[in-house]
Every structure is written in structure tokens, then in C-alpha cells.
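A quick write-up on the structure given underneath.
The values are calculated or read from the model by the stated rules, or taken from the named source; none is laboratory data. Because the structure is predicted, anything quoted here is derived from the model rather than measured. Here the Cβ is made from the backbone with ideal geometry for all residues, glycine too, and neighbour counts use every protein chain on show.
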Amino acid sequence: MTAQISRRLRKGATNGAVVAAAVAALAASQAPEMVPPPADNASGDQAIGTGDATQRSGEGSATGQSPYYTALPELNTPNKPGASTHMPVIAGPAEAGIPASVLSAYKRAEQSIRSTHPTCNLPWQLLAGIGKVESGQANGGRVDDNGTASPPIFGPALNGIGFANIPDTDGGAYDGDKTYDRAVGPMQFIPSTWATWGQDANSDGKKDPNNIYDAAQAAGLYLCADGRNLALKADLDSAVLSYNRSREYLNTVLSWFEYYQRGTHQIPDGTGVLPVDRSDGRPAVPSSPSPTTPAPTTPPPTPSKPTPTPSKPTPSEPGTGITLPPIPTKPPIKPPVTLPVKPPTLPSAAKVTRLTAVANVKLTTTTGKNFTGVPRVAALDASGAPVSGVAVRFEIVGATDTRFVGGAMEATVTTTEAGLASAPALRAGEKTGTFTVRATVVGRPLVADFTASVTERLADVLTPVGGDSLSAAPGTAFAQEFQVRATDRGALAPGVLVTAEIVTSKTADTEVSTEGPSFKRPDGPPVRTVRLKTGTNGLLTFAPGDLLAGDKEGLFYLRLTAPGGGITFIDLTVTEPAPAPSETSPVPSETTPAPTPTSTSTPAPTPTSTSTPAPTPTSTSTPAPTDSVSASATSSPVPLT
């Protein structure tokens, strides 16, 4: 009796400081964020958050005003705040322990709904509070390996006697009762509500209200309906009251919610505290009766010692003077208190049936530039009307270095009032080719793909700067510096890859020469084809020594071509320079008489010209050119393979 009184006293405390603390803690700890749905492939589950829902008529509350458990948490704090971050199987206050499968279902539901409804701020501790009040955490975690309650959990028949009057809506499919509906499973959904909000969170191919994973996911979506933000007290109260329209129910759930927020721990399945103190006054049992043997539907029995009605005189047997026992007064049955609660609506993502690409500019550009257009989609419902507030994820798919502005490969955008969502601006990298930008409704298998392409930068004109003719002696390097300017439609063309080749004629299709000049390289055979990139000023600069003359004399050409049609030629002349007259050779004096002829036995004098060494060509004394390459070109020519 003392424990009962203590629990009742604590119940009143939930109206004040405890509830305020719970809401304050929630608001402080919950901030909008986007978390990708995790996957638990160990049990064959798919990504969390793939549940669906279709809008159908409901009964205005999740449980149909079914009875609930009124026991309140202990007054002592279970653990210091943060104890629930890591959940080993440990000992602690019995009421603070949550069975492992049940706790896992609550946390998975929170993660899933945070990815599809980030502004709802659903905390798993709120699901735990409702699960505690509705079923004592699935009767202390009595679930099988798949998380299904064993035995199944069924509430009493909702026949209007002490509860709502809800005739059968499912033919007994969920609750086994073909006369009246009953609340079903760990989260106590009535069949009509489950028909609207039921989920297949564990991907076993069925929506089972007796499965804790399916039920927790459905409960979370139900609480987040109508765009609620559960970090706000008004929305939090409205969500809990939509589950069961009773102020005492609200206070009891918030007491457990605040208790679990202060700390909890994981315990093995089947070892949790069994529920006690039902709101309808009937004894609590580990599990509800089997649907084949419905619970009694008659009202509670009359108390054994009723208090007589003082306004009526005590009757007596006429003529005997014997006083008859007083007639007991049957206490009136109070109808359930109905509070105004707005019926829940489907979340925005669940309304979308089509994701349509909106035609705009073509998605193409050249390397290193922004795309002029961006992918854009419209989210539409079954009637073709736009749906606002839908989270749409855009991601870049394929072998490309194109990125959204800022460097990201994916971004999430919310649809406008017109149902439209546009991706951020795209910027091409240096890789050419095609790729895909994919738009997906977050949490739904609705996809729209866009094809984008990146091409090379163009130059339609190449112009030599400062002359178009060079010369060098065999075995040397061309010592002159020269430049070529690239333009496209009259504008300078930076970053254009220009092909440079040594050829033997000024035609566009002449084969590359196999002899003559070549491009400088540290080692290996001569290279006569390279690709060079124009600098930021649109110029290609060839420094002295970048071109080698080779050993063969003749006229050759440097052919330069660019994507976009630009082409030009530079003459390359390889020849031995003419010798210059020597200043040291003796010149015959005009006053010196010609030698007198002598006899044939006298040898003729040797011509002086033969004794004078031949002058050395001036070109061979020129110092070798430097090996520097202009910064506006590539650091070294790149041969084409």
C-alpha cells in the first residue's frame, strides 16, 4: 500500500517540474540534422527509413483510448546524463533497464526518422516512454529473434464499456477479434490506425504491429505527423495526446521520457520489469489474452462494501421491524475525456508519387568551367499537385571530377511551395566525358537522372607572336624565343590543350616527320609530337632550347593545332651557316715583284693560302642555349603515345 501511495504522489509531480525539465532537456539536446539511414545487413535488413504509408481514415488516436500502465519511475536518478551513449549489458536500477531488442528498435526508428523528417527532432527516449506505458517494453522484452512479441500482445475489446466503441475494421486480421477492434502489439496500435501508419522496418516483407521494429518506426512517424517539432512543448504535448487523449496519460509518458533521458542501460531480452497498475483498474498480466479468448467486456464488479446513499431512508420489512440491507449504489461510468486533437496527416515524403525532371538548359560545359544550368525536379502527388517540404538528395554519379560548387559530390535540397528542388551549381574539373546527376526523394525509391558532359576547352585561332620563322645549325638548338596566342571567338583562350608536331609540309594532314628537329627531353629517342596547355593569358611560350635542330639539313615546320579548329605553322630551317672571311690571312703586297721563273729543277713555291688554317664557322662558337621553359607552357613537353 505504501508503494502505491508513493507512486500516486509522484504522479502529481509530473504536471510541474518534471515535465518542464523533460521538455527543456529535449529542446537543448535536439538540433536539426541530416543523418543517412544506416543499414543492418547482419539480419538481412535494408536501409532504415524505407517504410511507406498511404493515407486512410483513422480513429483520431493511435490506441482507441485503450487502457495503459500507470506505474511511475523511481524517484532516484538511474545514471548520470550521458550514460545511454554506450550501451553495454550492465546492472543498474531495474526500471532503467531496457531489453536489448526493444532498445535497438527505438534507436533505429530515431535514426530513420531523423533522415526523412529532420525538423521533427524525435528522441528515442520518447518512444521508450510510450513503450513503457503501453506494454511495459513489450512485456519486459519477451520477443523472438526477429523482435516479434511472444506471445502476441492484445488489448481488451473496444466495445464502448469504459473504452472507445470501435467495431471490427480488419476482420480480425491483426487482433483476432471479428466483433470489436483491439489495440495490438508493443506500441498498442488499433487496426485502423495501423492500416495507415504500419511499417516494415525490418524488411521481412510484412507490416506486423507485434514486431517491435515495425511498431517503433510507425509510432515515430505518427508522432511526427502534421510537421510537428518535438523540441517544442506544444508539439510534444500534441503528439503524445494524439496517441491517447488523456492528461494523465500525457503526464505518465513524460515522466518516463524524462527518466530515460537522465540515463538507462541495456538488459537481455525477457528480463525486463513486468508492467503493473493498469489505468482501468484491472490487474496487469505479462501478456494480454489470446485473440481467440477475448478479455471480458463487462464493466468492473461492484465493490463488495458499497457506501449507502445517505439521501434514501433505510427500508424495512413491513410489519416485522427488521431492517433490510441497504441497496448498493452502482457508481456511474465516466465517459472518456475527449480532448481536441488534430488528426495526424501523412509526412510530405509519403505523399510524393512522382519525381519529374524539369527541362532547362543543356548540362554541358568545357573543362574547368561552371555549367550554365543545373538539374531541377518537381515532386508531385498522385493527382499531379506539387508537394512542398520534401527532402531531395542530388548526387554526382560516374567517373568524373566535376563537383557541386564547394567541392561536395552530393547535396540535399527541400522542395518549395511549387514542389520544385534545384541542385547547387556544378563546376567541371579537368576530366572530359559524360556522367550522371541523380535526384532521389530521401527515404523513398523515387529517382530522376540527368546526363551531363564535359568537353575540352576550344580555340578557333592560333596566331604566332613576333615572327613565324626560326633557324639553327645542325646539332644545335633553336636559340630564339617565340610565342603563339590562342583565341576563341575573339577572346583569349586559357587552358587549351594544343598539339605541337614536327612536319615536312604546311598541310593539315601531313604525317609527323621521322627526322629533323625535335622537342627537348632529358633522355630517350627524339620526340616530335607533344601537347602543351596555354597559360592564363592564352599564350604558348617556347623558350630558347625548347626545340632541337637535329642533324639533317632542310626546311621543316612546327604545326600547332587546337580543339575548336585553330591551326598555325612555324618555319624551322636547319642549315650550315656560310663561312665569314678570315682576318689573319696574308695579303700579297702590290710592290712585291712577281717571282722570277727558275729552272724546272727548282720546286715551285707553296701557295700561302694552303698554309693558313680554314676559318672556323662563327655559328659553332655560339654558347649552347638554356633549357628553361616558360611558366605559361607546361613544365616539360608531354609526348603523345
Complete set of residues in region 148-179 that are within 14 Å of residue 194 (Cβ to Cβ), aromatic (Phe, Trp, Tyr) and in a loop (DSSP other than H, G, I, E, B)
174
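May I ask you to say which residue of 539, 547 is under 18 Å from residue 576 (Cα atoms) and either modelled with pLDDT of 95 or more or in contact with a Leu (Cβ under 8 Å, 6 or more places away or on another chain) (or both)?
Answer to the check: 547.
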Looking at (1) over 20 Å from residue 114 (Cα atoms); (2) crowded, with 16+ Cβ neighbours inside 10 Å; (3) touching a Phe, Trp or Tyr at 6+ places or on another chain (Cβ under 6 Å), which one does residue 439 not meet, given that it meets all the others?
(1)
Here are the criteria: (1) of a type in the set (A, V, I, L, M, F, W, C); (2) closer than 16 Å to residue 556 by Cα; (3) not in a loop (DSSP other than H, G, I, E, B). Tell me which single one residue 508 does not satisfy.
(3)
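Given the criteria assigned to a strand (DSSP E or B), surrounded by fewer than 19 Cβ atoms within 10 Å (Cβ to Cβ) and either in contact with a Ser or Thr (Cβ under 9 Å, 6 or more places away or on another chain) or of a type in the set (A, V, I, L, M) (or both), does residue 411 qualify? Talk me through it step by step, then tell me what you get.
Values: assigned to a strand (DSSP E or B): yes; surrounded by fewer than 19 Cβ atoms within 10 Å (Cβ to Cβ): yes; either in contact with a Ser or Thr (Cβ under 9 Å, 6 or more places away or on another chain) or of a type in the set (A, V, I, L, M) (or both): yes.
Yes: the conditions hold for residue 411.
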Boolean, residue 200 is surrounded by fewer than 24 Cβ atoms within 10 Å (Cβ to Cβ), of a type in the set (D, E, K, R) and closer than 26 Å to residue 350 by Cβ:
yes
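Residue by residue, here is whether (1) surrounded by fewer than 19 Cβ atoms within 10 Å (Cβ to Cβ); (2) modelled with pLDDT under 95 holds:
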| site | (1), (2) |
| --- | --- |
| 391 | no, yes |
| 396 | no, no |
| 406 | yes, yes |
| 463 | yes, no |
| 467 | yes, yes |
| 482 | no, yes |
| 487 | no, no |
Restrict the check to region 443-452 and report whether at least one residue is outside any strand (DSSP E or B), surrounded by 20 or more Cβ atoms within 10 Å (Cβ to Cβ) and over 40 Å from the mean Cα position of the chain (by Cα).
no
If a residue must be under 23 Å from residue 276 (Cβ atoms) and in contact (Cβ under 8 Å) with a residue 24 or more places away in the chain, how many such residues does region 106-154 contain?
25
